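The values are calculated or read from the model by the stated rules, or taken from the named source; none is laboratory data. This structure is a prediction, so every number in the text was calculated from the model and none was measured. All Cβ positions, glycine included, derive from the backbone under ideal geometry; neighbour counts span all protein chains shown.
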Amino acid sequence: MSQFDRSGGVASDGEPSDRIDGTDAAAATPRTESRIPPSEVFTILGNETRVQVLHALLDLGADESPVSFTDLFERVDAADSANFSYHLDRLTGHFVRRRDDGYELRAPGRKVVSSIFTGTLTERAQLGFFPAAGSCHACGEDLHAWYVDDTLSIGCTDCGAIQVSYPFPAGALDGRSTDDLLDAFGHYVRHHYCLAADGVCPECTGAVETELVRTPDEEGQAVAVEHTCGRCSYDLRSTVGLLLLDDADVLRFHADRGVDLSSVPFWTFDWCVSDAATTVVSEEPLRVRLTVDCAGDEIRAVVDESGTVVETSDPDRDGR
Ligand SMILES: [Zn+2]
Ligand SMILES: [Zn+2]
């Protein structure tokens, strides 16, 4: 059984063939699913009369009990009963089931109708709270993750602080446990931020401008990094700490202490998700210093107004 709860779920009538995507039945159970290729689905549904038939079936309660040919025919704009029969036949099989006493809406048919009439044809994936590594930067409590509207968020259900929230395409949920999902998310987001910081738009590969900005309206965060793509207007805002994730000195400082910054989830470091380690050292131009602890030592990095790390001082190189 899939652990991912996809909203708009299908009524379970015990028939495995009633799944349009076939993702959730036990993998070990032999399947006799009547899969049809997506192009065929659109061919079948690309007709106003057939969409009307599906809609009428739902209206008449055909997902509960069969509806007669006559009742259905009266509800649909068809030239004549032969024409109507033809369209009904095209739907019969995958979307509609013919019974002795009439026609029933099968789960894929019901899903299509509700998708069309709620304005979304794609399944929306959702995932409730599940545990995530690390602790809240604000209160120290455990973290949880959730997935809604194609966005994965990790935060504290205790105080409401959000560590990270970033769009993550739903395909990432396929075939992954929640641990694997978080692992993939960590890599995905870190690479996006690092790409943007290197001047490459993660969306369109256009040129990205990076600057430090004052953020007086954002609670608890005085300075942020803003990446803006001149080509597609992609806009990414982050803490200054994220800029350090691929700084050679910062990476080595951590590696020397047994911490691999490329594999440990970035949101578990307070300096990546909050301003806790950031001090403003100059306003005009804006310049900040980050002080990052690891294993009892600290490394300091100065970041200029363009988001460039201009100076680091670390104990291994400079002595204590
Ligand atoms: Zn908290
Ligand atoms: Zn772009």
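Of the residues 168, 95, the single one that is more than 26 Å from residue 61 (Cβ to Cβ) and among the aromatic types (Phe, Trp, Tyr) is 168. Of these, 232, 194, which one is in contact with an Asp or Glu (Cβ under 6 Å, 6 or more places away or on another chain), within 16 Å of ligand 2 (Cβ to nearest atom), touching a residue at least 24 places away in the same chain (Cβ under 8 Å) and part of a helix (DSSP H, G or I)? The conditions single out 194. For the stretch 151-172, taking the residues that are over 17 Å from residue 268 (Cβ atoms) and surrounded by 13 or more Cβ atoms within 10 Å (Cβ to Cβ), the one that is farthest from ligand 1 (Cβ to nearest atom) is identified as 170. Which residues, taken from the stretch 247-281, are under 12 Å from residue 223 (Cα atoms) and free of Cβ contacts under 8 Å to residues at least 24 places away in the same chain? If the condition is that a residue be under 12 Å from residue 223 (Cα atoms) and free of Cβ contacts under 8 Å to residues at least 24 places away in the same chain, then 279, 281 are the ones that fit. Against the conditions (1) modelled with pLDDT of 90 or more; (2) more than 19 Å from residue 266 (Cβ to Cβ), residue 144 satisfies every one except (2).
Quick check: anything in the stretch 139-147 more than 16 Å from ligand 1 (Cβ to nearest atom), within 22 Å of residue 263 (Cα to Cα) and of a type in the set (D, E, K, R)? Looking for residues that are more than 16 Å from ligand 1 (Cβ to nearest atom), within 22 Å of residue 263 (Cα to Cα) and of a type in the set (D, E, K, R), one finds none in the stretch 139-147, hence no. If you go through the stretch 276-303 and keep only what is part of a loop (DSSP other than H, G, I, E, B) and either surrounded by fewer than 14 Cβ atoms within 10 Å (Cβ to Cβ) or over 32 Å from the mean Cα position of the chain (by Cα) (or both), you end up with 283, 284, 285, 286, 295, 296.
Take the conditions modelled with pLDDT under 90 and in a strand (DSSP E or B) and apply them to residue 128. Does it pass? Yes.
Yes/no matrix, rows are residues, columns are (1) touching a residue at least 24 places away in the same chain (Cβ under 8 Å); (2) assigned to a helix (DSSP H, G or I); (3) touching an Asp or Glu at 6+ places or on another chain (Cβ under 8 Å):
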| position | (1), (2), (3) |
| --- | --- |
| 154 | yes, no, no |
| 159 | no, no, yes |
| 172 | no, yes, no |
| 179 | no, yes, no |
| 183 | yes, yes, no |
| 186 | yes, yes, no |
